[in-house]
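First the structure, in the form of structure tokens, and then the observations on it.
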Amino acid sequence: TGLVRFICCTVSLRDPEMISYASDVRCRRRYSTHIRGGVSGMEEILSRVVAPLPSYETRDKSPPPPETNSLEFMYFYKSLDKEDKLCFLTKLSQDFGVDHKSVSELALKLLDTQLRDLATILLAEDRLRYTLTPRYKQLFSHISRVEGGVKFLVDLRADVLEIISSKASDSPHIRDLNGALKSLLSEWFSVGLLRLERITWQSPCEILQKISQYEAVHPVRNWTDLKRRVGPYRRCYAFTHAAMPGEPLVVLHVALTEDISDNIQSIVREFATLDSDEDVNKINSAIFYSISSTQAGLQGVELGNVLIKRVVCLLGVQRYSYRY
């Protein structure tokens, strides 16, 4: 084998319980059209679907709320327009977060235990830690167990991030809501739960179409262009997750060349490789020329660097000199 060089050119970055069909249809029918229930309507549905935090003593014994609560929340939220979503998320974050009075009381109790034995201190700390859990965080955990729930929460966080970036709200409660969502998504999308897939022309049409739509660095011009990018002397890899089937999370494009190109456009627009037979003896360089994150709601969840490292190992170039 010849010297393989690596160049990174451009970076852009249920198993649930059975739910009765009748309940599912009722939820869909009720929230399938746009609803402007006003503030009172939002308060009513939040009070119904966001379960109270169980007491510390019964936290492991309390039965989970019915899955219809999660479905109702999802369908109601999807029915709202942008302005109503802001109002809804503001009420959720302000009224169904942490019980600040209980936290203050437990914090004082923790201070009073500092001169006592370690077991008492640890118990007080655990009680305080549990009380710091927002009520909506438990709701999110239950939503994640419903079909389509994880994707819903990813999109929900995208809405929250848009609210923050556009300064539509400067509420610290919204920022806490974003932090809680990011923490949960970071756990659910940890490296051990991700699947590395190579995308080829034989991949499902739905995946190929999304690869084309999500390309953020060098837009795909047509199907011929896409076919070339997953064909000979090219590699396309994506991370996927079992909770979001058919949905690439981050996509990486690689060109396998004889030499390192001094012009990225020669790689992006080269059509000579479309019907060529790949000759491994001519492959001396792996040029990583495009990486795109496809889910705005996963911003800040480390996926891109992990994908690059996994592909480097897969291609066997980690033993050689790298040039950036």
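The values are calculated or read from the model by the stated rules, or taken from the named source; none is laboratory data. If you're wondering where the values come from, they're calculated on a predicted model, not measured in any experiment. Neighbour counts run over all protein chains shown; Cβ positions are idealised from the backbone, glycine included. With ligands, DNA and RNA removed, areas are computed over all heavy atoms of the protein, side chains included. Shrake-Rupley method; radii C 1.70, N 1.55, O 1.52, S 1.80 Å.
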Mind grabbing the accessible area of residue 142 for me, 1.4 Å probe, Å², rounded to tens?
-> 40 Å²
Which order do 201, 223 take by accessible area at a 1.4 Å probe, largest first?
-> 223, 201
Could you look at the stretch 192-315 and say what percent of its accessible area is carbon and sulfur, using a 1.4 Å probe and all protein chains?
-> 49 percent
How high is the FRET efficiency between residue 116 and residue 279 when r is their beta carbon distance and R₀ equals 56 Å, given to the nearest 0.05?
-> 0.15
For the stretch 81-157, accessible area per residue (1.4 Å probe, heavy atoms of protein chains only), Å² | 54 Å²
Using θ = phi - 60° and the Karplus curve 6.51 cos²θ - 1.76 cosθ + 1.60, what whole-Hz ³J(HN,Hα) does each residue of the stretch 87-104 get, with Gly and Pro shown as x?
-> 5, 5, 5, 5, 5, 4, 6, 7, 9, 10, x, 7, 7, 5, 5, 5, 4, 4
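Going down the list 101/151; 61/82; 78/137; 61/85, which pairs span over 28 Å between their C-alpha atoms?
101/151; 61/82; 61/85
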Residue 90 accessible area, nearest 10 Å², 1.4 Å probe?
-> 30 Å²
For residue 282, list the lysines whose Cα falls under 27 Å from its own Cα; do not include residues on the same chain fewer than 8 positions away.
-> 227, 309
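For 258, 147, what's the largest-to-smallest order of accessible area, 1.4 Å probe?
147, 258
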Any idea of residue 225's accessible area? Nearest 10 Å², probe 1.4 Å.
-> 0 Å²
What do you reckon, how do 171, 186 stack up by accessible area (1.4 Å probe), largest on top?
-> 186, 171
Over the stretch 192-315, what relative contact order in percent results from Cα pairs under 8 Å that are six or more residues apart?
-> 28 percent
